[in-house]
1. Step by step: first the residues of the range A:198-234, then only those that are assigned to a strand (DSSP E or B) and under 21 Å from the mean Cα position of the chain (by Cα), then the one that is surrounded by the most Cβ atoms within 10 Å (Cβ to Cβ). Which residue is that?
2. Which members of the range A:262-289 meet the condition of being closer than 14 Å to A:L42 by Cβ and outside any helix (DSSP H, G or I)?
3. Pull up the range A:271-295, narrow it to residues that are of a type in the set (D, E, K, R) and within 17 Å of the chain's Cα centre (by Cα), then point me to the one that is farthest from A:P362 (Cα to Cα).
4. Just the residues that are open to solvent by 60 Å² or more (accessible area, probe 1.4 Å) and near RNA strand B (Cβ under 7 Å from one of its atoms), please, taken from the range A:272-305.
5. Does the range A:51-67 include one or more residues that are farther than 28 Å from A:I403 by Cα, hydroxyl-bearing (S, T, Y) and outside the structural domain of A:M355 (by TED's automatic domain parsing)?
6. Within the range A:445-468, track down each residue that is within 10 Å of RNA strand B (Cβ to nearest atom), open to solvent by less than 70 Å² (accessible area, probe 1.4 Å) and in a helix (DSSP H, G or I).
7. For the range A:428-440, indicate whether the set of residues that are touching a residue at least 40 places away in the same chain (Cβ under 8 Å), more than 12 Å from RNA strand B (Cβ to nearest atom), part of a helix (DSSP H, G or I) and within 47 Å of the chain's Cα centre (by Cα) is non-empty.
8. Can you name the condition, by its number, that A:F93 falls short on among (1) within 11 Å of RNA strand B (Cβ to nearest atom); (2) more than 21 Å from the chain's Cα centre (by Cα); (3) aromatic (F, W, Y)?
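The values are calculated or read from the model by the stated rules, or taken from the named source; none is laboratory data. Computed from a predicted model, the values in this text were never measured in an experiment. Here the Cβ is made from the backbone with ideal geometry for all residues, glycine too, and neighbour counts use every protein chain on show. Remember, those area values only see protein heavy atoms, side chains included, never the ligands or the DNA or RNA. Shrake-Rupley method; radii C 1.70, N 1.55, O 1.52, S 1.80 Å.
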Amino acid sequence: MSLSLFDSKSQSLRSFEPIVAGQVGIYLCGPTVQGLPHVGHLRSALVYDQLRRWLEAKGLAVTLVRNITDIDDKVLENAKATGEQWWALAYRFEQEFNRVYQVVGIAAPTYEPRATGAIPEMIALIQKLIERGFAYQADDGSANVYFAAGKWANYGELTNQRIDDMADDADAESRGKRAPHDFALWKAHKVGDADSAAWNTPFGLGRPGWHIECSAMATKYLGSKFDIHGGGLDLRFPHHENELAQSGAAGDEFANFWLHNGLVNVAGQKMSKSLGNSIFAADLLALARPAAVRYYLGSAHYRSVLDYHEGVLDEATAALGRIETFLARADRAGAKIAIGNSLLAAVPAAFIAAMDADLAVPTALAVLHDTVRDGNSAIDLANLSDVSAAATSVRAMLAVLGIDLDMAEAPTSGNEQALDQLIQGLISERNAARAAKDFARSDAIRDQLKAAGITLEDAAESTYWSVN
RNA sequence: GGUGGAGUGGCUGAGCGGCCCAAAGCAACAGCCUGCAAAGCUGUAAACCCACGGGUUCAAAUCCCGUCUCCACCUCCA
């Protein structure tokens with residue numbers, strides 16, 4: 001295993017070795033389903049989809065668990081605003097998340113647990129923490145239970161911070177906390193909150209704090225020690241720090257590697273509700289086809305900030321078009337795609353090196369484009385074996401990256417056949433005009449098709465058409 | 001106040017001690033091809049010294065020190 005990954009906890013590139021040979025357990029903090037998925041959600045999910053595909057290409061059996069946070073303050077708040085049941089709202093958005101994930105080719109996780117499905121495990125974990133002296137029920141007698149950050153000597157180890165240096169939580173005392181940096185494990189039910197949003201527990205009626213769910217679910221499905229924990233950079237603190245503290249205090253070794261993906265800026269600015277500059281997944285998908293959206297999201301390294309602005313999807317579409325044109329030309333040239341049962345064996349060494357270097361997808365894309373150029377040259381030289389090799393290689397790289405070009409093969413539907421027949425008629429007419437040197441007529445036909453969004457390409461042996 | 005990240009061509013964006021007189025894509029220009037295009041290939045220009053100023057080294061975009069600017073996180077956040 002020559003894969004290196006940047007581990008946020010040690011802040012260094014570490015060689016990745018699975019805890020159990022041949023298997024990888026990954027836990028991802030999935031979305032809080034309180035609203036529509038935006039470009040940031042898509043990017044995060046995509047990063048780990050690429051990681052998973054790469055691990056699988058390398059022959060590892062990946063167990064990917066990505067949770068759904070279906071209860072929290074925002075879910076309850078937003079449901080009050082829309083007049084829905086909180087669980088109906090959460091489920092509605094959960095489905096929308098899964099819809100857009102599916103559209104851009106993010107494979108479904110091995111399992112997708114909901115926070116509300118792990119309440120008994122959370123209660124058990126909280127009780128364990130109370131027994132061990134790392135958690136306490138609020139001094140005001142409410143059902144609030146807090147984690148005593150100061151009691152856990154390693155608190156701050158994930159983000160390299162010391163409690164004394166952290167900014168204070170202003171209203172800590174009013175909620176029965178003993179220290180400002182203690183955080184909620186269990187939140188007491190409040191008057192006005194839906195009855196369905198409360199569970200009866202040894203601490204009283206209430207609902208889970210934000211962090212406890214991930215500790216409970218990660219260990220429930222992956223064990224007390226697992227390979228990789230991932231999520232957005234914004235989750236590093238407090239969410240992941242608190243998860244680590246809870247699980248560590250409960251005696252779990254927890255994640256071997258911590259991965260954090262960079263966020264998405266919009267025209268250089270942070271995306272936020274208050275700025276009103278959010279780009280939703282549906283916005284992207286309305287502007288470009290899924291493969292282009294996926295290409296764009298992978299155009300910057302996963303730990304870098306990815307900027308979204310006007311034109312980025314057009315660039316991605318153009319880059320993709322180049323790859324597509326090559327594959328179409330190779331196909332016409334008679335290239336044989338021969339990917340065996342190992343994608344890894346069909347992919348260039350430079351591509352493997354890039355992916356192994358902390359998942360350097362932009363570098364991997366450069367290798368892909370180099371291969372396209374070499375393949376195009378081979379077509380011009382009529383070197384069929386090189387063409388086949390390049391096309392095979394390109395197909396394999398696309399497969400590893402999960403980019404599904406969904407290229408038009410021979411027309412299949414009735415509509416496509418009808419269109420093809422019409423255009424073939426015009427192409428014949430144009431070629432007849434060209435043969436007769438009636439270029440006014442031939443250009444008029446080409447312009448007519450162009451106005452309809454159809455581009456003609458005169459290859460040596462025939463004329464091909466494609467819809468822009 | 002604390003913690004972390006970034007500043008590379010017209011744009012996006014890799015590289016993070018010698019293979020860098022800096023990848024790849026987009027955009028531009030020229031040549032080949034074409035009746036003309038498109039597509040493709042080739043080439044060119046584009047980063048004056050890779051934010052700025054010092055330093056270490058035989059060698060620095062890459063390491064160190066300082067400065068400037070920007071961004072993120074510090075209990076809502078992918």
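1. Selected residue: A:H229.
2. As a first pass, look at the range A:262-289 and keep what is closer than 14 Å to A:L42 by Cβ: A:262-264, A:266, A:271, A:278-288.
Answer for the range A:262-289, where residues must be closer than 14 Å to A:L42 by Cβ and outside any helix (DSSP H, G or I): A:G262, A:L263, A:V264, A:V266, A:M271, A:S278, A:I279, A:F280, A:A288.
3. A:D283
4. Within the range A:272-305, just A:V305 meets the criteria.
5. No - not one qualifying residue is present in the range A:51-67.
6. A:I445
7. For the range A:428-440, residues touching a residue at least 40 places away in the same chain (Cβ under 8 Å), more than 12 Å from RNA strand B (Cβ to nearest atom), part of a helix (DSSP H, G or I) and within 47 Å of the chain's Cα centre (by Cα): absent.
8. A:F93 satisfies all of (1) within 11 Å of RNA strand B (Cβ to nearest atom); (2) more than 21 Å from the chain's Cα centre (by Cα); (3) aromatic (F, W, Y) except (2).
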